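A.B. asks: Structure incoming, see below.
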Amino acid sequence: MIKKLMAANWKMFKTWEQATQTARELIVAIGQDLPSDREVLLIPPFTALRGVSETLAGQKGYFLGGQNFYPAKEGAFTGEISPAQLIDAGCRFALVGHSERRHVLGEKDEFLAHKVFYGLDNKLKIILCVGEKIQERKKGLVEQVLTSQLEKGLEKIDRNVSALDLVIAYEPVWAIGTGETAVNEDIVQVHSFIRKKLKDFLDHGEQIRILYGGSVKPDNCGSIIWLDNVDGVLVGGASLKADSFSRIVQA
Ligand code: PEP
């Protein structure tokens, strides 16, 4: 059974102490009730990775991820972090192409394609984030934008990539951190379109998990998580508090 992935992106929030405390509270809040069809992924800032990793040690169904990495083994890349360093800190997953990296930090499709390839080749499971801006949606360009982001983002990897190693997150840019969520009909339509593209591009496209992200909260997760082709959620703001994220995980 492919499990639903419930991912918490803590962005540039929380000190080491706050992050480990939230992870501890989350484990207590969920207790023995982590549904057997769910996996929890915590993606704290780099400084908290080791602490959260120690907190999660021995907890079945919980994983750690990095928010970013630079596609090189090591070297003179001031301010960057390598896949090997993420793995050393306890990570199994990493985000690539989050809208804040694309649109605030200026990462382009070609660079992201290299990161997807390099991360997979260096034993990270990759979550490739895609999503349209509001102007693109208003102009009816959603499918065009997603096709381009998927085609370019996946162009360097093997068609035969394992469905355990790659995840796609659909995050409409206008829904991230705005409190505005895509309506369920749109989520179903876009996820089904992404599924079709994944089947075109990859041998195991049918099984690759597609997460929805964009203002997911405890009170809307219950309806989103059961939609067709929704294999989990990527949550920012509502994942910062253990009480709220534990309700999302169990929705
Ligand atoms: C995100 O950061 O990926 C995200 C979806 O944020 P939020 O849940 O706050 O919209």
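A.B. asks: Can you run phi through the Karplus equation (6.51, -1.76, 1.60; θ = phi - 60°) for region 76-90 and list ³J(HN,Hα) in whole Hz, with x for Gly and Pro?
C.D. replies: My calculation for region 76-90 gives 7, 10, 3, x, 9, 9, 9, x, 4, 5, 4, 5, 4, 7, x Hz in order.
A.B. asks: Next question, about the same structure. Between residue 184 and residue 46, what is 0.36 nm times their sequence separation minus the Cα-Cα distance? Round to one decimal in nm.
C.D. replies: Contour length minus the Cα-Cα distance gives 46.3 nm.
A.B. asks: If you don't mind, there's one more thing I want to ask. Can you give the net charge of the other residues whose Cβ lies under 14 Å from the Cβ of residue 228, counting K and R as +1 and D and E as -1?
C.D. replies: Once all neighbours under 14 Å are counted, the net charge is 0.
A.B. asks: Also, quick follow-up: Quickly rank 90-98, 194-202 as a protection proxy: mean count of other C-beta atoms within 10 Å, highest first.
C.D. replies: My ranking of the peptides, most packed first, is 90-98, 194-202.
A.B. asks: Here's another thing I want to ask about it. What order do you get for 181-191, 239-249, 166-176 when each peptide is scored by the mean count of other beta carbon atoms within 10 Å, highest first?
C.D. replies: The peptides rank, most packed first, as 166-176, 239-249, 181-191.
A.B. asks: Around residue 4, which amide H atoms from residues at least 5 apart in sequence, or from another chain, sit under 5 Å from its own amide H, with H modelled in the peptide plane?
C.D. replies: Counting only residues 5 or more places away or on other chains, the set is 38, 39.
A.B. asks: Using θ = phi - 60° and the Karplus relation 6.51 cos²θ - 1.76 cosθ + 1.60, list the HN-Hα couplings for region 216-225 in order, rounded to whole Hz, with x at every Gly or Pro.
C.D. replies: Values per residue, Gly and Pro as x: 6, 9, x, 8, 10, 5, x, 8, 5, 5 Hz.
A.B. asks: Can you tell me which of 61-68, 216-223, 156-163 comes out highest on packing, and rank the rest after it, using the mean Cβ neighbours within 10 Å?
C.D. replies: Ranking, from highest mean packing down: 61-68, 216-223, 156-163.
A.B. asks: Amide H of residue 169: which non-local residues (sequence gap of 5 or more, or other chain) have their own amide H closer than 5 Å, using H built in the peptide plane?
C.D. replies: 128, 129, 130, 211
A.B. asks: When the helices in the chain are scored as -39500 (n - 2.57) per DSSP H run of 4 or longer and the sum is shared across all residues, what 222 nm value do you end up with, to the nearest 500 deg cm²/dmol?
C.D. replies: When only DSSP H runs of four or more count, the value is -11500 deg cm²/dmol.
A.B. asks: Arranged by the count of other C-beta atoms within 10 angstrom, fewest first, what order do 226, 10 take?
C.D. replies: Ascending number of Cβ neighbours within 10 Å: 226, 10.
A.B. asks: Can I ask one more? Mind giving me the nanometre distance, one decimal, between the label points for residue 203 and residue 144, set 7 Å out from Cα along Cα→Cβ?
C.D. replies: With each label placed 7 Å out from Cα toward Cβ, I get 3.4 nm.
A.B. asks: On to the next question. Identify the residues of region 23-43 with backbone N under 17 Å of a label point that sits 7 angstrom from the Cα of residue 54 along the Cα-to-Cβ direction, or state none.
C.D. replies: 23-25
A.B. asks: Follow-up question, since we're still on this one. Compactness ratio of the chain: Cα Rg over 2.2 N^0.38 Å, N = residue count?
C.D. replies: Taking N as the residue count of the chain, the ratio is 0.94.
A.B. asks: Rounding to the nearest 20 debye, state how big the charge dipole of the chain is about its Cα centre with +1 on each Lys and Arg Cβ and -1 on each Asp and Glu Cβ.
C.D. replies: 140
Every number here is computed from the coordinates shown, using simple stated rules; none is lab data. Computed from a predicted structure; not experimentally measured. Note that each Cβ is placed from the backbone with ideal geometry, even for glycine, and that neighbours are counted across all protein chains shown.
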